[in-house]
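The structure appears right after this line, and notes come after that.
Please treat every number below as a calculation from the coordinates, not as lab data. All values reported here derive from a predicted model rather than from experimental measurement. When we count neighbours, we look across all protein chains shown, and the Cβ atoms used for this are built from the backbone with ideal geometry, even at glycine.
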Amino acid sequence: RRTSEKIQGCSEGGHGEISNSASNILTLERIIAVLTVICLFNEQRNVLRKQRHWEKQVAAKKSRRKEEKLRRKMNRELESERQFTKRVMKAITKERLAEARSTGLKLCVDLSMTDCMSDKEISRLAGQLRRLYGSNKKATRPFHLFLTELREDSRLYRECVRMNDGFLNYTMDITDQSCLDLFPPESVVYLTPDAEEALESVDADKVYVLGGLVDESIQKKLSLSRAGELSVRTARLPIDEYMVKKDNMKNFHSKILAVNQVFDILLTFCDTGSWMEALQTWFPPGKGYVVAAGDSPPPPAT
C-alpha cells in the first residue's frame, strides 16, 4: 500500500508540473504575440510618420521652386523694365545734349594752363571735368560745352581718356583751338574769382569761359591774367553780394572753387533764377562762407 501511495503521489505531482509548464508556455506565447503586435504597430506608425515627413518635404520643395520661379520671373520683368527705362532715359539725355548744341547756352573750359600743373593736379582736373559733364547730362537745360585748347598729345587728354569712361563719346566739342578762334572777343565773358565785376545774369548771346585750372600752390590771379591775355570781359560769381564770412577755428575763407563747382552754381542759377539758391546749394561749406540771412543780399563787401 505504501508503495502504491507513493506512485499515486508522484503521478499527481507530475500532472501538476506539466499543467503549470503548459500554462507558462501559453502566457509566453501571448506576450510574444502582444509584443509582436506592438512592434508591428510602432513600425507602421514610424513608416507613416516618415511618409508624412517626406510628403511635407516634397511639398515644401515644390513651394520653394514655385516661389523661386516666380521671383526669377519678376526679376526678369523688373530688369527688362529697368533696361527699357535706362534706354529711354539715355535716349532723352542724348537728345537734350544734341539740342543744346544748337540752342543751349555756350560754355568753354579753357585748358591752356595745364602745362604748369603737376601730374596730381592734372588728375584732379580730369575728375572735375567728368563731374562737370555728369552735371550737364542731368540738367533740364544743359549747356553747349566746349573743351578748348585740349591737344590730343597733352597729359590732360591722356588722363581724361584713362580716368573717364566714354570720354571720347562725350556730347561736347573738344578742340585744340582757343575760345577766340571760335567766338568773337566781344561775346566772351571769362569767369574768374579775381574779377571786379559780379555776374548778375546769364545772357544767351554771351559765351562764358571757365579757367580749367587746379593749383595747389595757390598762385593768385592766374585766370585773371589769362583773361587779360585774351583781352576779354571778366566777371566773378556774386559771392560777396549774397554770402558772408562764417567764423571757423582755422579762420579760413576762400572764394576759389573747382571748375565743376562753378558750373553747378551756374546751372542752378539758370534753372531757378536765384543766386541765393544756387550758392546755398553748391558753395562748399568748408570754404568759410554762408548765404546771408534774409530775403535780400547783404551790402557789398568793402
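So the values come out like this:
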read-out	value
Exposure proxy order (Cβ contacts within 10 Å, fewest to most) of Ile31, Ile122, Ile265, Ile174	Ile31, Ile174, Ile122, Ile265
Burial ordering of His144, His253, fewest other beta-carbon atoms within 10 Å first	His253, His144
Rounded tilt (10° steps) of 119-138 against the dominant C-alpha axis of the chain	80
Helix 2-103 vs. the chain, principal-axis angle (Cα, 0 to 90°, nearest 10)	10
Contour minus Cα-Cα distance for Ser225 and Gln57 (0.36 nm per residue)	52.5 nm
FRET efficiency, His253 to Leu182 (Cβ-Cβ, R0 35 Å, nearest 0.05)	0.45
Quarter of Cα convex hull surface for the range 33-185, i.e. mean projection, nm²	16.7
Scattering curve values for the range 20-103, log₁₀ I(q)/I(0), Debye with Cα scatterers, q = 0.13, 0.19, 0.23 Å⁻¹	-0.75, -0.93, -1.03
Sites Met74 and Thr140 - FRET efficiency at Förster radius 30 Å, r taken between beta-carbons, to 0.05	0.35
Value at 222 nm in deg cm²/dmol, rounded to 500, when DSSP H runs of n ≥ 4 in the chain each add -39,500 (n - 2.57)	-19500 deg cm²/dmol
Percent of C-alpha pairs per 20 Å bin, the chain, short to long	24, 34, 11, 8, 8, 7, 6, 2, 0
Helix 259-272 axis, angle to the chain major axis (alpha carbon atoms, nearest 10°)	90
